[in-house]
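> Okay, here's the structure, questions in a sec.
The values are calculated or read from the model by the stated rules, or taken from the named source; none is laboratory data. Predicted model, so just to flag it, every value in this text is computed and none were measured. Glycine gets a Cβ as well: all are built from the backbone with ideal geometry, and neighbour counts include every protein chain shown. Surface accessibility is based on the protein's heavy atoms, side chains included, excluding ligands, DNA and RNA. Shrake-Rupley method; radii C 1.70, N 1.55, O 1.52, S 1.80 Å.
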Amino acid sequence: MTTYPVQVVIFGASGDLTARKLIPALVDNASRGAFQTPVQIIGVARHPKTSESWRAELATWLSDDQRAAWDAFAPNVFYTQADVDDPASIEELAADLDELAGEHAATCGRLFYLALAPRLFAPTVERLAHIGMLTSDPLRAEGWRRVVIEKPFGTDLATAQWLNIVLGRHLREDQIYRIDHYLGKESVQNLLAFRFTNAIWEPLWNRAHVDSVEISVCEAVGVADRGGYYDHAGALRDMVQNHLMQLLALVAMEAPTSMSPEAVRSEKVKVLRALVPFTSPEDVWRDVVRAQYVDPSENPGYLQAPGVAEDSATETFVAIRAQIHNWRWNGVPFLLRTGKSLRKRYTEIILRFRAPPVDLFTAPTTSVLAGSFCSMQPNELVMRIQPDEGIRIRFLVKQPGPGNVMRLASLGFDYKDVFDERSPEAYERLLLDAIEGNPTLFIRGDEAEAAWRFCDAIHAAWDAPDAPPPGRYEAGSTGPEEADSLFRGCEGIWGHGGV
Ligand code: BG6
């Protein structure tokens, strides 16, 4: 076991993310004894504060359980005032860190967490590198230096490529931890475990048996007070380029040769590169739906949210019919959907399987879907990511009695029924992995670029002068009706998040 201490240096210490997610996650890790070595937390921001006043502020964000552990944890929490735009203050920060590390200054590992406005990612890394704070020997276990970069990683392919180049000038790829908190969710990590430890799925998990794949990330909240950021991002940049692309990669990838970070990430990047890019505006109008929420009541719609331009065309909902051009998935539509201010919060992945070749039990289960006469309801494998995490298989059974009346039935697994222990929060797992040097659940540079390449083609069509404006949907609804048209023929309809 290594005994050199670790310093977690959080830039953006005054921000919401630090108080709401990072510190509670570090406290939880400490209280369940997850750290192998002593860990110091050093918050860095421009505001004048003392360590004592910062600790008092942080304590107000903790749950009762976390507060019980806080007394033992708080003495390891420090605050340093510094401005990343000011080289002198970064030099002072370096001296402060050495002083806090004491006799371990030369050997301690340092995790720099950039919970900052994205425009500060590159300058902060450059400043730290300039005075040698990011230099480490890859052959030595101690004295490591790693940098966690929050999202968004760029705003399009060109900016992501530029950021990768700048980071690459100062850091090796194994020092860069691009975070996507969805990968830290227990139910997301289970996707690979479920697929690759249960051999029954593999023969079915392909174009021969799967008719369509749906990935829905529905949110009930609106943009609240994040309008200033969100209005420049929109659902495609905020959710699809990262969270939905990651879910898609995990569902669609081939089995890696091992669970090593490079083996897993290489398979993910292959899927993202196999996504068929939209090549014409007509394809985008046919296969992508964008919309904005409005509220008919006194509650504000998107355009009334603070920080949002009054004539904003930013989408708060997007649905995409995507295709993956490879042997496993060619011809199988991947229906992606995400939106804010929807009826219900849930994230679900549904594999819908092909109908039997011959329909012997037509009458009561036939339906007219999208104008086509479709028989039977498809078998579905539903992976519920959140809330009520679990997995369901839906199938038809014969209802007892005369005739052949079929009913939908299901078999299910619910985390809460099987596991007593609390699942770690996403940031808890990801911070621990970054401290331990395991980047499997972080995004590699080429992965981020591949996801942007797909999204950029959609933005190009939306940004054209003659592009139709986004549609509208009522806050609290299931989204715009136009999204239903992305299901074709007998492919079914969007799930509704029912258990
Ligand atoms: C963030 C987005 O990355 O994910 C937010 O910026 C979104 O807009 C959030 O609300 C959703 O995360 P979760 O874990 O609540 O599903």
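> With charges only on Cβ, +1 for K and R and -1 for D and E, what is the dipole size of segment 1-111 about its Cα centre, in debye, rounded to 20?
It works out to roughly 440 debye.
> Let me ask something else about it. FRET efficiency for MET259 and HIS209, Cβ-Cβ distance as r, R0 = 22 Å, nearest 0.05?
About 0.30, to the nearest 0.05.
> Between PHE395 and ASP283, what is the FRET efficiency for a Förster distance of 30 Å, r being their Cβ-Cβ separation, to the nearest 0.05?
0.30
> I've got another one for you. Using Cα pairs under 8 angstrom and six or more residues apart, how large is the relative contact order of the chain, in percent?
Dividing the mean separation by the residue count of the chain yields 17 percent.
> Separate question: Give the accessible surface of the chain per residue, rounded to a whole number of Å², with probe radius 1.4 Å and ligands, DNA and RNA excluded.
44 Å²
> Let me ask another. Explain nothing, just compute: Karplus ³J(HN,Hα) = 6.51 cos²θ - 1.76 cosθ + 1.60, θ = phi - 60°, for every residue of segment 466-477 in order, whole Hz, x for Gly and Pro.
Listing the rounded values in order: 9, 5, x, x, x, x, 10, 9, 7, 4, x, 9 Hz.
> Could I ask something else about it? What number, rounded to the nearest 500 deg cm²/dmol, is the helix-based mean residue ellipticity at 222 nm of the chain, given -39500 (n - 2.57) per DSSP H run of at least four residues and division by all its residues?
-9000 deg cm²/dmol
> Summarise the long-distance tail of P(r) for segment 1-103 by giving the % of C-alpha pairs beyond 20 Å.
In whole percent, the share of Cα-Cα pairs in segment 1-103 beyond 20 Å is 37.
> Sticking with this one: Could you calculate the contour length gain from ILE493 to ARG407, that is, 0.36 nm times the residue separation minus the distance between their Cα atoms, to one decimal place in nm?
29.2 nm
> I've got another one for you. Return, for the Cα atoms of the chain, the radius of gyration and Dmax in Å, separated by a comma.
24.4, 85
> A follow-up question, please. Loop-only check: which GluC sites (Glu not before Pro) in segment 415-499 are DSSP coil with at most 14 other Cβ within 10 angstrom?
Counting only loop positions with at most 14 other Cβ atoms within 10 Å, the GluC sites (Glu not before Pro) in segment 415-499 are GLU421.
> Just to confirm the filter: which chymotrypsin sites (Phe, Trp or Tyr not before Pro) across segment 115-212 are DSSP coil and have at most 11 other Cβ within 10 angstrom of their Cβ?
Listed in order of number, the matching sites amount to none.
> Would you mind checking segment 20-53 for residues with the amide N under 15 Å from a putative spin-label position 7 Å along Cα→C-beta of TYR229?
Once the point is set 7 Å along Cα→Cβ of TYR229, 20-23 turn out to lie under 15 Å by backbone N, inside segment 20-53.
> To continue, here is another question. With only Lys, Arg, Asp and Glu charged, each at its Cβ (+1 for the first two, -1 for the last two), find how big the charge dipole of segment 244-306 is about the Cα centre; round to the nearest 20 debye.
Around 260 debye, computed over segment 244-306.
> Residue farthest toward the positive end of the dipole of the chain, with Cβ of Lys/Arg at +1 and Asp/Glu at -1: which of THR50, ASN29, SER14?
Working it through, the farthest residue towards the positive pole turns out to be ASN29.
> Let me ask another. Keeping all protein chains in the complex and leaving out DNA, RNA and ligands, what accessible area do you get for THR60 with a 1.4 Å probe, in Å² to the nearest 10?
Spelled out: THR60, probe radius 1.4 Å, area about 100 Å².
> What are the trypsin sites (Lys or Arg not before Pro) within segment 390-450 that DSSP puts in a loop, where the Cβ has at most 13 other Cβ atoms within 10 Å?
Loop-located and lightly packed - ARG422.
> Gain in length, PHE196 to GLU103, computed as 0.36 nm per residue apart minus the alpha-carbon separation, to one decimal in nm?
28.9 nm
> Which lysines, if any, have their Cα less than 21 Å from the Cα of LYS151, not counting same-chain residues under 8 positions apart?
The qualifying lysines are LYS21, LYS185, LYS268, LYS340.
> Describe numerically, in nm with one decimal, the distance between label points set 7 Å from Cα along Cα→Cβ at ASN326 and at THR50.
For ASN326 paired with THR50, the spin-label model returns 5.7 nm.
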